[in-house]
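The values are calculated or read from the model by the stated rules, or taken from the named source; none is laboratory data. Note that the structure is predicted; figures quoted are calculated from it, not measured. All Cβ positions, glycine included, derive from the backbone under ideal geometry; neighbour counts span all protein chains shown. All accessible areas refer to the heavy atoms of the entire protein, side chains included, with ligands and DNA or RNA removed. Shrake-Rupley method; radii C 1.70, N 1.55, O 1.52, S 1.80 Å.
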Amino acid sequence: MKKIRRISKDEYFMNIAREVSKRSTCTRRQIGAIIVSDVGEIKSTGYNGNPRGMPHCEDIGCIRDDLKIPSGTRLETCTAVHAEQNALIQAGTNARGGTMYSTIVPCPICARMIMNAQIRRVVYSGDYSDKAGLDLLKQGSVEVVRLITPGERKKASSSGKKRR
């Protein structure tokens with residue numbers, strides 16, 4: 001009998017977060033996040049985009065692009081709600097003790113919200129120019145895990161770089 005490779009729970013939930021990101025209305029970057037309970041039940045999902053009732057950037061354009069604002073700076077200029085924030089809003093107190101899966105490093109604002117929601121673990125896959133959120137999470141005793149995807153492993157090995 002041929003043995004199949006069963007993906008880990010982290011890979012499984014990150015794949016779902018990637019699917020959620022496809023609902024994003026941001027023209028710069030599509031981000032997805034999900035919150036999972038300690039017993040593996042999905043409590044909420046979130047993706048980045050403008051608040052309900054506002055026109056979306058995919059329809060009206062991006063203010064950050066118009067003003068030539070680099071990634072990771074002047075976050076207050078953007079009217080969008082981050083994927084992590086939307087997932088936290090949807091989960092409410094059901095987030096407590098859970099794991100957040102995010103397709104990107106949480107920004108410092110999201111990190112503070114994650115800590116206040118009492119998320120115990122954050123698993124992320126994509127990079128972000130501002131890594132201060134990671135430092136905040138670690139200071140707040142939130143376990144932080146970077147999930148290296150098979151595609152990233154393949155790129156790293158073909159370029160001669162080793163990754164953990």
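Take the residues in region 143-163 that are in contact with a helix residue (DSSP H, G or I) (Cβ under 6 Å, 6 or more places away or on another chain) and within 19 Å of D38 (Cα to Cα); name whichever of them is modelled with the lowest pLDDT.
Selected residue: L147.
Can you confirm whether I63 is closer than 30 Å to K9 by Cα and either open to solvent by less than 20 Å² (accessible area, probe 1.4 Å) or not small (G, A, S) (or both)?
No.
Let me confirm something: among A83, A91, which residue is open to solvent by less than 20 Å² (accessible area, probe 1.4 Å), in contact with a Gly (Cβ under 6 Å, 6 or more places away or on another chain), closer than 20 Å to S24 by Cβ and small (G, A, S)?
On the way: A91 fails: in contact with a Gly (Cβ under 6 Å, 6 or more places away or on another chain).
The unique qualifying residue is A83.
List the residue pairs whose Cβ atoms are under 8 Å apart, where the first residue sits in region 19-39 and is farther than 19 Å from V105 by Cβ and open to solvent by 90 Å² or more (accessible area, probe 1.4 Å), the second is among the β-branched types (V, I, T) and modelled with pLDDT of 95 or more, and the two are 6 or more positions apart or on different chains.
Here the result reads D38/T99, each pair linking region 19-39 to a residue that is among the β-branched types (V, I, T) and modelled with pLDDT of 95 or more.
Quick grid of which residues meet (1) in a loop (DSSP other than H, G, I, E, B); (2) in contact (Cβ under 8 Å) with a residue 24 or more places away in the chain; (3) under 30 Å from G97 (Cβ atoms); (4) open to solvent by 80 Å² or more (accessible area, probe 1.4 Å):
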site: S44; (1), (2), (3), (4): no, yes, yes, no
site: R52; (1), (2), (3), (4): yes, no, yes, yes
site: P55; (1), (2), (3), (4): yes, no, no, no
site: E58; (1), (2), (3), (4): no, yes, no, yes
site: G72; (1), (2), (3), (4): yes, yes, yes, no
